[in-house]
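A short write-up of the structure that comes next.
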Amino acid sequence: MADTKEETAAREAVMKTAQSMSAKGLSPQRSGNVSVRLEDGSGIIVTPTGIAYDEYTSADMVKLSMDGKPGKGEKKPSSEAPFHLAIYHAFPDAKAIVHCHSMAATALACARMEIPAFHYMVAVAGGAKIPLAKYATFGTDELAESAVKAMKGGYKACLLANHGQIAWAESLPKALELAAEVETLARQYIDVLSLGKPHVLGRKEMTRVIDKFKGYGKQA
C-alpha cells in the first residue's frame, strides 16, 4: 500500500531529525533512535535498526501500527520501538520522541544519578528533576515499563540507568531541542558536582518555575 502524504512527510522528518541528532553529537556512532506519531492514529514512524545515520533515506524509516506491527515491505525497526510505543500509549500529548546516548546524560545514567533542581531550567522537562528510570535490558518490555513509570507525574524526559536519555514533545523539533537541553543540564550538573555539593532549589520555588514555564517562549 502506498504511503499517504502524511506518512511520506513523517518519514522525511524522522530521517532529518535523526541525522540532526547525530550531527549535534547527541548520539555517537549508530546509537539512539527517533519516532513520530502519525496524526491519523494509524501508527508511528520510527528509525530502522542497523543503518548508519549518513546512509539513511526516507524510505528506510519504518511504519509500525500502534500495536507494533510493521507494514508489508518495511525494514526492521529500532530495537527500542517498544518504549516508543509505550510512551505514546501512556502519554497522549507525546507526538515525537528522541532517544540518545549523549555523553553527559549517559554518564549520569551509568552512575545511576537523576538530575535534581540544581538549576531552574530542569523544569523544561516538566518537573522539579529529571528522573532516572530503573535499569532493564535494551529493547525489552521491562525497559518500556521502566521509562513510562519514571516519567509519570508530568515529566517529558528521563535518564535510563546504564543506557542514555529519552525526551518527548509535541513535535520532532521540540523533542530534539529537549534532548539537547537535557544533555546541557547533565554536563552542567557534572561540573557543579566537581565543585562540591550542589545547592538544589526547593519544591516551592520549582513549583513557581514550573508554573511560569507554562507560558515560556510563547508570544502574546
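Throughout, read-outs are computed from the coordinates displayed, never taken from laboratory work. Since the structure is predicted, the reported quantities are computational estimates derived from the model, not experimental observations. So basically every Cβ, Gly included, is an ideal-geometry build from the backbone, and we count neighbours across all protein chains shown.
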Net charge near R11 (other residues with Cβ under 9 Å of its Cβ; Lys, Arg +1; Asp, Glu -1) is -3
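Span-like helices, the chain: DSSP H, alpha-carbon axial extent 20 Å or more, mean Kyte-Doolittle 0.5 or greater, which ones? Working shown, then result.
On the way: long enough: 5-23 (27 Å, -0.65); 172-195 (35 Å, 0.52).
Both cut-offs are met by 172-195.
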Long-range amide H partners of I115, meaning residues 5 or more apart or on another chain whose placed amide H is closer than 5 Å, are I130
Whichever lysines have a C-alpha closer than 17 Å to that of K95, once near sequence neighbours (fewer than 8 apart) are set aside = K16, K63, K152, K156, K174
Which value at 222 nm does the chain reach when only helices count, each DSSP H run of 4 or more adding -39,500 (n - 2.57), with the total divided by all residues and rounded to the nearest 500 deg cm²/dmol?
-> -12000 deg cm²/dmol
The chain - charge dipole about Cα centre, Lys and Arg +1 at Cβ, Asp and Glu -1, debye rounded to 20 | 660 debye
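When the Kirkwood hydrodynamic radius is evaluated over all pairs of different C-alpha atoms of the chain, what value in angstrom, to one decimal, is obtained? Walk me through the intermediate numbers first.
Working: mean 1/r = 0.0570 Å⁻¹.
About 17.5 Å, per the Kirkwood formula over Cα pairs.
Sum up the charges of everything whose Cβ sits under 14 Å from the Cβ of A180, counting Lys and Arg as +1 and Asp and Glu as -1, but leave A180 out. All intermediate terms of the calculation are to be shown ahead of the outcome.
Details: positive: K24, K156, K174, R187; negative: E177, E181, E183.
Around A180, the surrounding residues sum to +1.
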Positive-pole candidate from A186, P173, P77, dipole of the range 5-213, charges at beta carbon = A186
Positive minus negative residues near G32 (Lys, Arg vs Asp, Glu; Cβ under 12 Å) = 0
Over the chain, what is the relative contact order in whole percent, taking alpha-carbon pairs under 8 Å and six or more residues apart?
-> 20 percent
Separation in nanometres of the label points that stand 7 Å from Cα toward Cβ, at A23 and Y135 | 3.6 nm
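Which of rounded, prolate or oblate describes the range 97-220 when judged by the alpha-carbon gyration tensor and an a/c cut-off of 1.5?
Numbers: a/c = 1.65, a/b = 1.17, b/c = 1.40.
Note, shape of the range 97-220 comes out oblate.
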Euclidean distance between Cα centres, the range 1-26 to the range 71-87, Å | 14 Å
Enumerate the amide H contacts of S171 below 5 Å, restricted to partners 5 or more residues apart or on another chain; note that Pro and chain-start residues carry no placed amide H.
-> K95, A96
Under 14 Å from the Cα of K5 - aspartates and glutamates, other chains or at least 8 residues apart = E39, D40
Report, ordered by chain and residue number, the aspartates and glutamates lying within cross-link reach of K197, taken as a straight Cα distance under 15 Å and ignoring same-chain residues fewer than 8 apart.
-> E114
What length, rounded to one decimal in nm, is gained on full extension from S79 through to S42, with 0.36 nm per residue of separation minus their alpha-carbon distance?
-> 11.3 nm
